[in-house]
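These notes are about the structure you will find just below.
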Amino acid sequence: EKGNYRHYMQKEIFEQPQVIGDALATYLDPATRRPRLPAAGPDWNAVGRLTIVACGTSSYAALVAKYWFEQVARLPVEVDIASEFRYREAPLPKGGAALFISQSGETADTLAALRYAKAEGQFIVALVNVPESSMAREADLVLPILAGPEIGVASTKAFTCQLTVLMCLVLSVARERGTLDAAEEARLCAALSEVPARALEVLNHDEKIREIALRLAEARDVLYLGRGAIFPVALEGALKLKEISYIHAEGYAAGELKHGPIALIDDQVPVIVLAPHGPLFEKTVSNMQEVLARGGRVILLSDMDGVATEGRHAAEIIELPKVDPFVTPVLYAIPVQLLAYHTAVAKGTDVDQPRNLAKSVTVE
Ligand code: F6R
């Protein structure tokens with residue numbers, strides 16, 4: 001039931017503070033605020049490398065998780081898309097672990113990849129939204145993301161719930177591996193528990209984002225730029241836009257711009273720069289300046305500090321709450337969903353049933 005919403009996708013975007021809160025209620029111990037998992041995992045001190053495999057939006061959650069696992073838990077991670085992984089016959093480390101991320105838990109390529117990793121003796125973790133799914137049944141450890149049914153073909157709340165549960169997993173692995181001191185752990189857990197409230201603040205920018213989308217709907221091509229754990233959010237923003245508005249969009253790691261894509265920039269190509277103020281801000285801003293110098297029209301997504309220093313250069317600004325860098329991927333995912341949503345509505349496309357797409361890809 002869509003209630004007061006025009007589309008399931010819109011309803012699911014607006015449900016995010018609630019469902020992220022539901023996931024945290026399960027995965028964070030209310031007394032200690034520390035992560036707790038529903039069942040035991042592998043011995044994370046014995047795991048030398050984690051392989052993460054998924055498709056589409058779920059593979060972007062995997063890429064974000066790579067940054068988190070490596071930085072916070074000091075665990076090397078290999079990320080692969082399932083359609084490539086399943087046929088590559090990749091050698092997998094003895095005693096290794098593999099994580100499969102899937103909203104449906106039925107995506108054919110991801111399921112085949114899971115079976116391959118299982119046959120290779122890996123400890124199998126499945127992060128799924130559908131707990132009765134094939135992937136959940138075949139895994140050694142199942143982590144439900146608790147997003148509730150996702151009807152819109154374009155994934156929204158499943159992505160942010162995947163990220164939420166992944167943060168809990170990363171913190172619990174970090175704890176076992178002893179890579180965080182107590183103060184640091186407390187800081188990250190506190191940032192995580194504030195995400196639902198901050199997500200609600202992001203949703204308050206809906207009207208502003210809708211106005212920006214009216215202009216975005218005129219574009220033929222759009223670029224999304226980000227660095228670090230925000231880079232996969234740029235990929236996700238571009239995927240969302242092309243899926244439902246049919247506008248050609250690409251996401252790039254901001255530092256890659258000068259290695260090719262900068263040739264595309266002119267005043268007809270909006271460039272969406274995802275740049276929370278933090279350790280990588282200056283670097284991203286220098287890429288933004290390269291865009292501006294070529295007449296590019298920048299839509300800047302940043303926080304109060306980022307907007308104060310660089311906002312005057314951007315054609316449009318979306319000012320997001322200031323949060324710990326750890327949780328920025330979840331919060332920056334929301335405005336890119338809304339941008340895609342309102343752009344598609346402005347173009348009059350079928351938002352919940354985009355052409356040529358199916359909700360669950362159970363064939364190759
Ligand atoms: C994008 C989208 C797809 C899915 C992909 C994987 O909005 O929905 O890219 O993310 O088909 O699906 P799951 O997560 O069910 O394996």
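The values are calculated or read from the model by the stated rules, or taken from the named source; none is laboratory data. Since this is a predicted model, take the numbers as computed values, not measurements. Virtual Cβ from ideal backbone geometry, glycine too; neighbours counted across all protein chains shown. For the accessible areas, the whole protein counts, side chains as well, though only heavy atoms, and no ligand, DNA or RNA atoms are used. Shrake-Rupley method; radii C 1.70, N 1.55, O 1.52, S 1.80 Å.
Just one of the listed residues (Arg88, Arg74, Arg137) is in contact with a Ser or Thr (Cβ under 6 Å, 6 or more places away or on another chain) and either among the acidic types (Asp, Glu) or surrounded by fewer than 22 Cβ atoms within 10 Å (Cβ to Cβ) (or both), and it is Arg74. Hey, can you tell me all the residues within segment 90-111 that are away from the ligand (no atom under 13 Å from the Cβ), of a type in the set (A, V, I, L, M, F, W, C), over 20 Å from the mean Cα position of the chain (by Cα) and within 22 Å of Val142 (Cβ to Cβ)? Selection gives Leu92, Ala97.
Taking the numbered list (1) touching a residue at least 60 places away in the same chain (Cβ under 8 Å); (2) within 14 Å of the ligand (Cβ to nearest atom); (3) assigned to a loop (DSSP other than H, G, I, E, B); (4) open to solvent by less than 50 Å² (accessible area, probe 1.4 Å) in turn, Leu114 passes all entries but (3). Hey, among the residues in segment 28-71 that are among the β-branched types (Val, Ile, Thr) and over 23 Å from the mean Cα position of the chain (by Cα), which one's nearest to Ala97 (Cα to Cα)? Taking the candidates together, the pick is Val47.
I'd like to verify a number: residues in segment 90-111 that are in contact (Cβ under 8 Å) with a residue 40 or more places away in the chain, assigned to a helix (DSSP H, G or I) and either aliphatic (A, V, I, L, M) or within 23 Å of Met167 (Cβ to Cβ) (or both), how many?
Adding up the residues that qualify gives 2.
Are any of the residues in segment 80-89 assigned to a loop (DSSP other than H, G, I, E, B), modelled with pLDDT under 95 and away from the ligand (no atom under 16 Å from the Cβ)? Looking through segment 80-89, at least one residue is assigned to a loop (DSSP other than H, G, I, E, B), modelled with pLDDT under 95 and away from the ligand (no atom under 16 Å from the Cβ). Note on segment 176-214: residues that are open to solvent by 40 Å² or more (accessible area, probe 1.4 Å), out of contact with any helix residue (DSSP H, G or I) (no Cβ under 8 Å at 6 or more places or on another chain) and touching a residue at least 40 places away in the same chain (Cβ under 8 Å) total 6. Taking segment 269-364 as the region of interest, the helices (runs of 4 or more DSSP H) fully inside it that hold 2 or more residues being of a type in the set (S, T, N, Q) are 281-293, 328-347.
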